[in-house]
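Participant: Here you go, one structure.
Laboratory data are not the source of any read-out in this text; all were calculated from the coordinates shown. Worth saying up front: this structure is predicted, and the values here are computed from it rather than measured. Here the Cβ positions follow ideal geometry from the backbone for every residue, glycine too, while neighbour counts run over all protein chains shown.
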């Protein structure tokens with residue numbers, strides 16, 4: 001599958017058009033020195049950093065959801081980029097999804113570094129000191145966000161905390177995961193201290209201090225996962241209490257609330273609702289196009305055609321695994337909302353199921369790369385369930401608090417009755433159903449400490465076509481893109497197993 005991407009230019013300066021919107025793409029090629037000459041230039045530069053989030057949702061669906069036990073996405077004809085991701089192929093260093101994850105994140109990091117440098121060198125042109133500090137905090141939040149994404153996919157990556165030339169970049173080796181985390185945590189702590197609680201309507205979508213605290217909590221939790229004996233995102237630390245403190249602060253802020261309707265969280269007419277802690281914002285109808293593509297990534301084109309809509313780009317089906325389908329209770333309303341169980345097109349019946357959670361058939365745009373829907377990165381239900389996870393790992397709290405959180409989640413899904421004695425395994429099983437097709441499953445498996453046993457058992461039971469390679473712990477992270485290895489042989493070390 002070929003996707004539309006934002007222009008990717010690594011280690012070269014791109015300056016962006018004069019616009020107040022967060023979602024504009026570059027049209028200017030002015031130099032740094034001539035561009036950052038007034039306050040609006042810095043706002044435009046900040047918007048450019050946010051613009052690097054555009055492909056983030058697709059990445060989570062392609063690299064997390066497809067890799068996990070939620071989908072059995074083996075090829076049903078033709079060569080599909082997702083098959084090597086799903087089936088643990090060792091030869092995916094040139095896979096376009098892997099390359100995109102590296103390039104897009106480092107592109108965003110570069111933009112953030114340029115903005116931070118210019119705030120130091122030319123920030124005196126900003127008369128509003130509060131705005132200047134906010135722009136610095138936003139840039140550091142986003143730099144940390146991109147680096148966290150890189151660590152979860154690749155483990156060791158080069159640390160670049162200032163703009164560098166192409167020649168300088170050729171001397172920067174991969175850094176230990178712990179060192180990358182130090183930069184991430186420092187940036188997020190600065191952001192949590194200096195970002196505002198809330199924005200006005202004109203700035204919806206910018207990161208708040210609560211978004212920074214939520215992502216920082218997830219960073220602590222991810223670092224606390226087992227190492228599995230690889231240089232991956234887990235460091236085997238015990239930082240559950242650090243995370244819980246931040247999560248409790250978000251809860252106590254009263255900025256967010258638990259929606260009583262699951263479907264309303266994902267309504268196209270209810271964006272920026274009380275569940276949303278941080279999301280990627282999209283706007284349609286602009287030129288150049290800045291809408292989304294993620295709603296159709298996991299949806300076969302024939303389903304759109306069966307509903308009288310044009311093909312979108314999802315191509316053929318990526319079936320939901322039998323294991324996940326069987327995990328839902330009969331009363332669980334999340335299943336029917338999230339998953340389409342078969343359809344007929346041109347007299348041919350497709351009996352396999354696929355994710356449709358992000359699609360509203362009444363909102364299909366005329367341009368398939370211009371969907372009018374935001375992608376929720378972090379929502380309040382996640383904050384509550386992460387809190388329960390920390391408590392079960394020994395952070396201050398009670399079993400009653402954990403049970404109450406899971407009861408609330410299940411009741412909203414139509415499963416009436418009190419949950420009691422919830423274990424970590426049961427909590428992750430509930431997260432699987434709650435966040436299905438939201439791109440979190442692979443990360444949850446890694447954090448659970450059970451990814452090896454779960455994926456090995458799942459592979460044995462699910463791989464009816466014998467198309468998948470046996471899972472091993474090296475597949476927790478992805479290979480360094482071959483394009484990066486080829487630039488200067490010996491600079492980077494390929495991750496084991498590839």
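Participant: Which ordering of 111, 132, 173 is given by a fewest-first count of other beta-carbon atoms within 10 Å?
Facilitator: 173, 132, 111
Participant: Any number yet on Rg/Rh for region 242-332, C-alpha, Kirkwood?
Facilitator: 1.06
Participant: In nm, what is the difference between 0.36 nm times the number of residues separating residue 306 and residue 330 and their Cα-Cα distance?
Facilitator: Between residue 306 and residue 330, full extension yields 6.0 nm more.
Participant: Can you give the helix-only mean residue ellipticity at 222 nm for the chain, where every DSSP H stretch with n ≥ 4 adds -39500 (n - 2.57) and the sum goes over all residues, rounded to the nearest 500 deg cm²/dmol?
Facilitator: Calculated at 222 nm, the ellipticity per residue is -13000 deg cm²/dmol.
Participant: Counting only Cα, what are the radius of gyration and maximum Cα-Cα distance Dmax of region 294-361, in Å?
Facilitator: Rg, Dmax (Cα atoms, Å): 11.9, 34.
Participant: Looking only at Cα atoms, what is the convex hull volume of region 144-212 per residue, in Å³?
Facilitator: Working: hull volume 7.5 nm³, N = 69.
Hull volume over Cα atoms, normalised by residue count, gives 108 Å³.
Participant: How do 393, 89, 443, 162 rank when sorted from fewest to most other Cβ atoms within 10 Å of their own Cβ?
Facilitator: Result, fewest neighbours first: 162, 89, 393, 443.
Participant: Tilt of helix 96-122 relative to the longest C-alpha principal axis of the chain, in degrees (0 to 90, nearest 10)?
Facilitator: In the chain, helix 96-122 runs at an angle near 30 degrees to the longest axis.
Participant: What is the fewest-to-most order of 368, 143 by other Cβ atoms lying within 10 Å of their Cβ?
Facilitator: 368, 143
Participant: How far apart, in nm, are two points set 7 Å out from the Cα along the Cα-to-Cβ line at residue 255 and at residue 349?
Facilitator: Result: 5.1 nm between the two label points.
Participant: Rounding to the nearest 10 and keeping the result within 0 to 90°, find how far the Cα-based axis of helix 424-434 lies from the longest principal axis of the chain.
Facilitator: The angle comes out near 80 degrees.
Participant: Which percent of the Cα-Cα distances in the chain go past 31 Å?
Facilitator: So the pairs more than 31 Å apart make up 43 percent of the total in the chain.
Participant: Can you give me the angle between helix 380-392 and the longest principal axis of the chain, using Cα atoms only, in degrees from 0 to 90, rounded to the nearest 10?
Facilitator: Between the helix axis and the principal axis of the chain, the angle is about 80 degrees.
Participant: If you stretched the chain out fully between residue 175 and residue 493, how much longer would it get, using 0.36 nm times the residue separation minus the C-alpha to C-alpha distance?
Facilitator: Additional length available on full extension: 113.4 nm.
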